[in-house]
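Colleague: Please read through the structure below; I'll follow up with questions.
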Amino acid sequence: MSLSLVQLVGVGAAAIAAGGVNALAGGGTLITFPVLTAMGVPAISANITNTVALSPGYLGGTLAQREDLVPQRVRVRAVALPAVLGGVGGGALLLTTGADVFRNLVPWLILLATALVAIDPLAKRWVRARVSHPSKQGSMRAAAVVAFLGGVYGGFFGAGLGIVLLGLYAIVVPQSLLRTNALKQFTSFLANTAAALFFVFSGHVVWIAAVVMACGALLGGATAGKYVRNVRPDVIRAMIVVIGLVVAAVYFIK
């Protein structure tokens with residue numbers, strides 16, 4: 001599928017906004033996905049293109065928190081393979097879902113992602129309230145299950161994945177917010193990268209849009225990162241929630 005220059009400019013602008021939003025509060029997918037479908041990209045192709053385009057952004061977040069991953073090397077090894085398998089499994093599930101079925105699921109998925117963005121502060125507050133102590137080895141299996149299930153969701157749709165992982169990891173491996181957040185970021189990176197590589201050969205990627213979006217997301221993230229201390233994440237989050245609700249309503253009406 002080809003896009004006009006005007007459409008590519010629109011997609012690039014959306015990706016810049018999404019990259020900035022992800023750096024400040026999260027929920028950038030709620031911007032890029034509907035823009036792609038508005039450009040005439042079928043829902044499944046839009047979702048796959050979005051995953052491929054935005055997956056590089058997870059690497060930067062993971063590298064930035066590597067110091068909090070080092071003390072939990074054993075846990076990192078325990079969740080790595082399940083996250084990859086989950087990402088591929090979620091991608092395969094998406095490809096086997098009929099276009100009509102997925103199109104009917106889209107508004108519900110957007111509502112779910114919007115709700116996850118909305119409760120993000122509550123999730124983080126709850127994690128902080130958990131007792132911080134080294135987790136027992138017995139929690140490794142539970143962490144692996146969380147990584148796999150999160151990976152499946154990430155490969156299938158993915159918006160709000162970080163919040164899902166943050167809450168579930170806090171239950172099975174209670175520790176500091178920084179370490180839990182780092183583990184969440186690492187899992188998201190592996191799941192999304194695995195799904196993106198799986199999608200490369202699917203024939204559904206709109207490559208010109210994916211390249212433009214990847215560049216835009218990196219630019220938006222880098223730019224927003226410079227001003228992160230001067231911007232209130234709750235304001236950005238509220239804007240994303242409103243956008244998500246409006247977009248979901250539009251999809252329901254269609």
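The values are calculated or read from the model by the stated rules, or taken from the named source; none is laboratory data. None of the values given here were measured: they were computed from a predicted structure. Because the Cβ atoms are built from the backbone with ideal geometry, glycine has one as well, and the counts that use them run over all protein chains shown.
Colleague: Scan segment 240-252 and report the pairs whose first residue is closer than 17 Å to ILE119 by Cα and whose second residue is assigned to a helix (DSSP H, G or I) and of a type in the set (Ser, Thr, Tyr), with Cβ atoms within less than 7 Å and a gap of 6+ or a chain change.
Modeller: Sorted first by the residue in segment 240-252, then by its partner, the pairs are VAL241/THR114; GLY244/THR114; LEU245/THR114.
Colleague: Output yes when any residue across segment 65-77 is touching a residue at least 40 places away in the same chain (Cβ under 8 Å) and either of a type in the set (Ser, Thr, Tyr) or outside any helix (DSSP H, G or I) (or both), and no when none is.
Modeller: Yes, segment 65-77 has at least one match.
Colleague: Within segment 149-167, is there a residue that is touching a helix residue (DSSP H, G or I) at 6+ places or on another chain (Cβ under 9 Å), of a type in the set (A, V, I, L, M, F, W, C), surrounded by fewer than 21 Cβ atoms within 10 Å (Cβ to Cβ) and more than 21 Å from ILE110 (Cα to Cα)?
Modeller: Checked segment 149-167: no residue is touching a helix residue (DSSP H, G or I) at 6+ places or on another chain (Cβ under 9 Å), of a type in the set (A, V, I, L, M, F, W, C), surrounded by fewer than 21 Cβ atoms within 10 Å (Cβ to Cβ) and more than 21 Å from ILE110 (Cα to Cα).
Colleague: Specify the residue that is surrounded by the fewest Cβ atoms within 10 Å (Cβ to Cβ); the eligible residues are those in segment 184-198 that are out of contact with any Ser or Thr (no Cβ under 6 Å at 6 or more places or on another chain) and modelled with pLDDT of 90 or more.
Modeller: This residue is LEU197.
Colleague: Report, ordered by the first and then the second residue, all pairs with beta carbons closer than 9 Å, sequence separation of six or more or different chains, a first member in segment 1-16 that is touching a residue at least 12 places away in the same chain (Cβ under 8 Å) and surrounded by fewer than 19 Cβ atoms within 10 Å (Cβ to Cβ), and a second member that is of a type in the set (Ser, Thr, Tyr) and in a helix (DSSP H, G or I).
Modeller: Pairs found: MET1/SER45.
Colleague: Given ALA113, ALA143, which one is part of a helix (DSSP H, G or I), surrounded by 15 or more Cβ atoms within 10 Å (Cβ to Cβ) and more than 14 Å from the chain's Cα centre (by Cα)? Even if it seems obvious, please write down each step before you answer.
Modeller: On the way: ALA113 fails: more than 14 Å from the chain's Cα centre (by Cα).
After ruling out the rest, the residue left standing is ALA143.
Colleague: Starting from residues that are without any contact (Cβ under 8 Å) to a residue 24 or more places away in the chain and in a helix (DSSP H, G or I), keep the ones in segment 82-104 and report whichever is farthest from the chain's Cα centre (by Cα).
Modeller: Within segment 82-104, the match that is farthest from the chain's Cα centre (by Cα) is ASP100.
Colleague: While we're on this one: Give the residue, chosen from THR49, THR29, that is closer than 23 Å to ALA182 by Cβ, of a type in the set (S, T, N, Q) and buried (at least 19 other Cβ atoms within 10 Å of the Cβ). Steps first, answer last, please.
Modeller: Details: THR49 fails: closer than 23 Å to ALA182 by Cβ.
Checking each option against the conditions leaves just THR29.
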